[in-house]
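The values are calculated or read from the model by the stated rules, or taken from the named source; none is laboratory data. Since we're looking at a predicted model, the values are computed, not measured. Here the Cβ positions follow ideal geometry from the backbone for every residue, glycine too, while neighbour counts run over all protein chains shown. Heads up: the accessible areas ignore ligands, DNA and RNA and are worked out on the full protein's heavy atoms, side chains in. Shrake-Rupley method; radii C 1.70, N 1.55, O 1.52, S 1.80 Å.
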Amino acid sequence: MLADIAKLTVMLLILFDPIGSAPVFSAMLSGREEAQARRLIRHACVMSFWILFVFALSGRYLLELFGMNLAVFQMAGGLLLLMTSIDIIFEIL
């Protein structure tokens, strides 16, 4: 049970990437009043929760609807990561 919670926590940290997202979020909030910034932060957290919640409940059914299984989805995600990394590498060169 504790191992599952740790695994889920690590997966969510990787998904949200709080270290990489902090500068972007900070730039979006700069120059705004504190009340408005708090409202934006709350809105972003609530929307993120609901998106994760809806896809956690309906993700398997959506994949079945499109005739896919989890392995196909993982393969497509891996290919997207590969293509993105190749683009980044060739931009540097």
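The figures follow:
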{"item": "Theoretical FRET efficiency, 1/(1+(r/R0)^6), r = Cβ-Cβ of residue 62 and residue 82, R0 25 Å, to 0.05", "result": "0.60"}
{"item": "Share of carbon and sulfur in the accessible heavy-atom surface of the chain [1.4 Å probe, %]", "result": "74"}
{"item": "Semi-axes of the equivalent ellipsoid for segment 1-45, Cα gyration tensor, largest first, Å", "result": "29, 12, 6"}
{"item": "At least 18 Å along the helix axis (C-alpha) and Kyte average at least 1.0, DSSP helices within the chain", "result": "2-16, 70-92"}
{"item": "Heavy atoms of residue 5: accessible area, 1.4 Å probe, square angstrom to 10", "result": "90"}
{"item": "Per residue accessible area of segment 16-85, 1.4 Å probe, in Å²", "result": "86"}
{"item": "Long-range Cα-Cα pairs in the chain (distance over 23 Å), rounded percent", "result": "50"}
